[in-house]
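Chemist: The structure is given below, and queries will be raised subsequently.
Laboratory data are not the source of any read-out in this text; all were calculated from the coordinates shown. Keep in mind that what you see is a predicted model, and the values were worked out from it rather than measured. All Cβ positions, glycine included, derive from the backbone under ideal geometry; neighbour counts span all protein chains shown.
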Amino acid sequence: MFRSVIIGTGCYIPPEVKKNSDFILHQFYSEDHRRIETPQEILVQKFKEITGIEERRYVPPNLNASDIASIAAKLALDDSGIDPESLDEIVVAHNFGNVIKHTIQIDCVPSLAARVKHDLGIVNSSCIAYDVLFGCPGWILALTKADVSFKAGAAKRCLVIGTETLSRVLDDHDRDSMIFSDGAGASVIEYRDTGESGSGILGSGAQSDSLNELFYIYVGKSNIPQSDPNVRYMKMKGRKVYDYAIRRVPEAMKACLDKSGVAIQDLKKIFIHQANGKMDVSIVSHLYKLYDLDTVPENILPMSVHWLGNSSVATIPTLYDLVRKGRVENHELKAGDIILFASVGAGMNINAVCYRY
């Protein structure tokens, strides 16, 4: 049986560590531009309790989203052992393109995927490089599109990357700025005969809710009064995103498992978008309740949000690479393990992939 198999992974974790305590000197304002009078120390402590985030990573000034995507891609290619010239597609998921430090302009021309192809020195003109924009679930969307290309006979090997430098688009006066971070994760996917192991993608699903939910995550002016409306930053209605995710993501995850013919009891790991630790735990708990199960198995949910923050499209491929390579304590993958990738983000978009390791 032919399936889409992840044969190599790599990630880039930025060197600059920004701890929660670094935000104590920030002055935060609400969405309606009112100063938040709660002492900064208390705000920071509450933030940790709600999200589980203790620190995050930012890229150095000389690197952009395409640069770190190329670093992660090179590691994934080295891990796979394939010739980069044999790639049929390079797909890069992101939301803001390249944003040069101390500028406000987004640069997506040429595409980030084209820049990665250039950085890798790939000559093959039949290797098609393109970007996808789907909010935080972008890497999973790119993974499913590679699977579709394989099944259509349009490709056999694909490099899928999620990359973001959110530190370049954050409003220092918005509490939600503490959630976001930078990073890149990459995977090499190959369509191959998996024989009796049956490894690879078992099923997938996606949905978009863009009516009432469209502007839960958006781009807008700073929260500080009298801010320049022409300078815009990433913004989020945190409570609405949280409530939406708890309500809708478990349903999408269940639909993917059911479509794949996988029993919840056979699931070994869940790689969920690292947006908010408390939210992710609640999402998984709600998933099991949909199957009338009150207890979530131990060690099913690897997490990196506490030390890497939310790097959007990069969280899942980064976490998957870390677990594959034994860099997440108490978590490992064994041949035959069934895992679930799931994410939620701007749009609002949700998707999931069921995969046998």
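Chemist: On a full-extension model of 0.36 nm per residue, what is the gain between Asn124 and His26, subtracting their alpha-carbon distance, rounded to one decimal in nm?
Modeler: Extra length available between Asn124 and His26 comes to 30.4 nm.
Chemist: Please report Trp307, Trp139 as a ranked list, fewest other C-beta atoms within 10 angstrom at the top and most at the bottom.
Modeler: Trp307, Trp139
Chemist: Moving on to the next point. Where is the GNM fluctuation largest for the chain (alpha-carbon springs, 10 angstrom cutoff): Ala342, Ala154, Ala65?
Modeler: Among Ala342, Ala154, Ala65, the largest GNM mean-square fluctuation belongs to Ala154.
Chemist: Here's something else I'd like to know. What is the fewest-to-most order of His273, His102 by other Cβ atoms lying within 10 Å of their Cβ?
Modeler: Values: His273 30, His102 7.
Going from sparsest to densest Cβ surroundings: His102, His273.
Chemist: Compute the semi-axes of the equivalent ellipsoid of the range 287-348, taking the square root of 5 times each eigenvalue of the Cα gyration tensor, and list them largest first in whole Å.
Modeler: Sorted largest first and rounded, they come to 20, 19, 11 Å.
Chemist: For the chain, what log10 I(q)/I(0) values come out of the Debye formula at q = 0.10, 0.14 1/Å, with one point per alpha carbon and no solvent?
Modeler: -0.58, -1.15
Chemist: Sticking with this structure for a sec: Can you return the lysines within cross-link range of Lys151? Criterion is Cα-Cα under 19 Å, with same-chain partners fewer than 8 residues away left out.
Modeler: Lys259
Chemist: Separate question: Using θ = phi - 60° and the Karplus curve 6.51 cos²θ - 1.76 cosθ + 1.60, what whole-Hz ³J(HN,Hα) does each residue of the range 12-18 get, with Gly and Pro shown as x?
Modeler: Each residue's phi maps through the Karplus curve to give 10, 10, x, x, 7, 9, 10 Hz.
Chemist: Could you list Tyr29, Tyr233 in order of exposure, starting from the residue whose Cβ has the fewest other Cβ atoms within 10 Å? Provide the component values of the computation, followed by the final result.
Modeler: Values: Tyr29 18, Tyr233 21.
In order of increasing Cβ crowding within 10 Å: Tyr29, Tyr233.
Chemist: Which residue, Val123, Val188, Val249, has the most motion in a Gaussian network model of the chain that connects Cα atoms within less than 10 Å?
Modeler: For the chain, modelled as a Gaussian network with Cα springs under 10 Å, the answer is Val123.
Chemist: Mind listing P(r) for the range 199-282? All alpha-carbon pairs, 5 Å bins, whole percents.
Modeler: Per 5 Å bin, starting at zero, the Cα-Cα P(r) for the range 199-282 comes out as 3, 11, 17, 18, 16, 12, 10, 5, 3, 3, 1, 0 percent.
Chemist: Take the chain, connect every pair of alpha-carbon atoms lying under 10 Å apart with a spring to form a Gaussian network, then pick out the residue of Glu55, Glu85, Glu196 with the largest mean-square fluctuation.
Modeler: In the Gaussian network model the winner is Glu196.
Chemist: OK, next. Residue by residue through the range 81-90, which ³J(HN,Hα) values in whole Hz follow from phi under the Karplus form 6.51 cos²θ - 1.76 cosθ + 1.60 (θ = phi - 60°), with glycine and proline marked x?
Modeler: x, 8, 7, x, 5, 8, 5, 9, 9, 10
Chemist: List the extent of the Cα atoms of the range 2-197 along each of their three principal axes, largest first, rounded to whole Å.
Modeler: Principal extents (largest minus smallest coordinate, Cα): 60, 39, 29 Å.
Chemist: Suppose only helical runs count, i.e. DSSP H with n ≥ 4. What mean residue ellipticity at 222 nm does that imply for the chain under -39500 (n - 2.57) per run, divided by all residues and rounded to the nearest 500 deg cm²/dmol?
Modeler: -9000 deg cm²/dmol
Chemist: Okay, next question. Check which residues have an amide H placed less than 5 Å from Ala93's amide H, if you skip close sequence neighbours.
Modeler: Distant-sequence amide H within range of Ala93: Val132, Ile161, Gly162, Thr163.
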